[in-house]
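Structure record follows, encoded as structure tokens.
The values are calculated or read from the model by the stated rules, or taken from the named source; none is laboratory data. Remember, predicted model here, so these are calculated numbers, not experimental data. For neighbour counting, all protein chains shown are included, and Cβ atoms are generated from backbone atoms with ideal geometry for every residue, glycine included. Just the protein is used for accessible areas: all its heavy atoms, side chains included, with ligands, DNA and RNA removed. Shrake-Rupley method; radii C 1.70, N 1.55, O 1.52, S 1.80 Å.
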Amino acid sequence: MRGLDALPDIARFLMHEVSNYRRGVTEVNPQSSTKHSTISTVPRLCYVGEVPVECSYHGSALLWRLLENYPPRNLLIVEGIHRSSVERRLPGVRYIHPPTPGIGRMLRTRYALHVSEVLYRAIPILAASIVPSVAYHRPEAIITVCHGVFWLVAARVSNILKLPLHVIVHDHVPETLLASERTRTRLVREFGRIYSAAASRLCVSEAMATEYELTFGVAGQVLYPCRARSPLKQPLRAVRCCATSRGLTGVFAGTVAGPDCGDALAALARQLAHVGGKLVIYGLINRADAALLGLDLPNVEFPGLVPASVLRERCQKEADFLYVPMSFAENISVNMRLSFPSKLADYTEIGLPLLIRGPKYCSAVQWARKHPGVAEVVDTENEEELLQAIKRLSDPRARVTLAHEASQVGDLYFSHARAESMLFGALTGGAA
């Protein structure tokens, strides 16, 4: 109860800081009539969110890439619950963390539901704990990723400081938090209100932007996942792409997110075995964990998590295709339809063909169907069709054609310059 007892003191301190903050912004930024999406005109920005900003993988890497060219003195990072590794952070940028020790670990235990419920009810306290630090930075805008609960903290902070809020949406929000049905209903309602009022809305797919516009009555922009700013050294051309392979090697790079993903990987391994092939899984999984997901198969290898440059080099020398599995599970069908696999940004830069497997309605399959020839696509759970796709990939000419098309389309969709320009444009257009 000590935190609750301290609220009156916190409130008085907040009033003092907010007062100083408002005076400071008026003095420091009297002129902002010209708004261009260039580095010199971007606002002082504060990121508040649950997704860490670090050069690692998934959403964290995407945020790092979007902000890696942002002026360090104009940027503050507030990471809630999950903390980035110091050596992977944006250089020269200040990172702060609210007092949530051990919460991240507890969210991975059997008590996760109860912890999530407590976090949801603690949003006012969490916001109060960081407002002084945020106000001291004197930002002109707040940005968040709508994941878990900390986007609600970001919305509250932006409201207290009277700042524009910019939202990035990578996943359907109710799917990002383990919570009771009642809390999920509240989340949806609050998301609609905050999304509609945001200064800018950046959605990860066309399907998401379209559905949210129909649901909430406001348009969003499509901000696809992006590649790194500085392209890694231009390949050595993928060595195995043009040559006949004795046994195909498929690669999956990323998190094996639960039983559905495990099943999809096991299905590929089983069918690769029919042609003397193997599956290589790069990520934070070992053989002991894999056994729990049915992946303890003789033709599956686990090299671990490696840097992007190493992954690229190994794939170009040793792999024949890259695998993009999407879940067929009904309970997460909305997220499969609205979210977009971030690995496509990096996969399409490697110079190898893609094998996409998922339901017809999922975003990855829809994207591939929109661009015929960009990938080998299997849109059923029938493993015989998966085997036929693998056999088609055995033809080196087919692999070369698919790899070229994937690279061309990927250059259009996932370039760093395109994503950064869109983000900076949204920030300068929405900042006061």
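In summary, PRO298 fulfils each of the numbered conditions (1) buried (at least 18 other Cβ atoms within 10 Å of the Cβ); (2) in a loop (DSSP other than H, G, I, E, B) with the single exception of condition (1).
Applying a threshold of 6 Å to beta carbon distances and a minimum spacing of six or more residues, or different chains, the list of pairs starting in the stretch 410-432 at a residue that is polar (S, T, N, Q) and ending at one that is modelled with pLDDT under 95 and outside any helix (DSSP H, G or I) reads SER421/SER37; THR428/LYS35; THR428/SER37.
Filtering TYR95, TYR57 for residues that are out of contact with any helix residue (DSSP H, G or I) (no Cβ under 8 Å at 6 or more places or on another chain), closer than 23 Å to LEU223 by Cα and either surrounded by 19 or more Cβ atoms within 10 Å (Cβ to Cβ) or among the aromatic types (Phe, Trp, Tyr) (or both) leaves a single hit, TYR57. With respect to being of a type outside the set (Asp, Glu), over 18 Å from GLU318 (Cβ atoms) and in contact with a Pro (Cβ under 6 Å, 6 or more places away or on another chain), ALA264 fits the description. The set of residues in the stretch 181-219 that are open to solvent by less than 30 Å² (accessible area, probe 1.4 Å), in contact with a helix residue (DSSP H, G or I) (Cβ under 7 Å, 6 or more places away or on another chain) and in a helix (DSSP H, G or I) comprises THR183, LEU187, PHE191, GLY192, ILE194, TYR195, MET208, TYR212. Filtering the stretch 33-67 to residues that are part of a loop (DSSP other than H, G, I, E, B) and either at pLDDT below 90 or over 22 Å from ALA199 (Cβ atoms) (or both) leaves SER33, THR34, LYS35, HIS36, SER37, THR38, PRO52, GLU54, CYS55, SER56, TYR57.
Looking only at the stretch 258-292, residues that are within 16 Å of GLU383 (Cα to Cα), in contact with a helix residue (DSSP H, G or I) (Cβ under 8 Å, 6 or more places away or on another chain) and among the aliphatic types (A, V, I, L, M) come to 5 in all. Here the condition is being part of a strand (DSSP E or B) and hydroxyl-bearing (Ser, Thr, Tyr); of TYR323, TYR361, it holds for TYR323 alone.
Within the stretch 364-401, can you find the residues that are in contact (Cβ under 8 Å) with a residue 24 or more places away in the chain, assigned to a helix (DSSP H, G or I), of a type outside the set (Asp, Glu) and open to solvent by 20 Å² or more (accessible area, probe 1.4 Å)? GLN366, LYS391, PRO396, ALA398, VAL400, THR401 - these are the residues of the stretch 364-401 that are in contact (Cβ under 8 Å) with a residue 24 or more places away in the chain, assigned to a helix (DSSP H, G or I), of a type outside the set (Asp, Glu) and open to solvent by 20 Å² or more (accessible area, probe 1.4 Å).
The single residue among LEU292, LEU297, LEU322, LEU284 that is aliphatic (A, V, I, L, M) and closer than 22 Å to TYR224 by Cα turns out to be LEU322.
Here ALA264 meets the list (1) farther than 19 Å from GLY351 by Cβ; (2) more than 22 Å from the chain's Cα centre (by Cα); (3) at pLDDT 95 or above almost entirely, failing just condition (2).
Out of the stretch 156-180, which residues are open to solvent by 40 Å² or more (accessible area, probe 1.4 Å), over 21 Å from the mean Cα position of the chain (by Cα) and not polar (S, T, N, Q)? ARG156, ILE160, LYS162, listed by residue number.
For the stretch 109-154, a residue qualifies if it is of a type outside the set (Val, Ile, Thr), open to solvent by 10 Å² or more (accessible area, probe 1.4 Å) and in a loop (DSSP other than H, G, I, E, B), and the qualifying residues are ARG110, TYR111, ALA122, ARG138, GLU140, HIS147. Only one of the numbered conditions (1) under 20 Å from ASP411 (Cα atoms); (2) charged (D, E, K, R); (3) open to solvent by 20 Å² or more (accessible area, probe 1.4 Å) is not met by ARG312, and that is (3).
Filtered by the rule that a residue be over 16 Å from ALA219 (Cβ atoms), touching a Ser or Thr at 6+ places or on another chain (Cβ under 8 Å) and among the aliphatic types (A, V, I, L, M), the stretch 154-204 gives ALA154, ALA155, LEU165, LEU177, LEU178, ALA179. Note on the stretch 254-280: residues that are in contact with a strand residue (DSSP E or B) (Cβ under 8 Å, 6 or more places away or on another chain), within 14 Å of PRO298 (Cβ to Cβ) and not in a helix (DSSP H, G or I) amount to 4.
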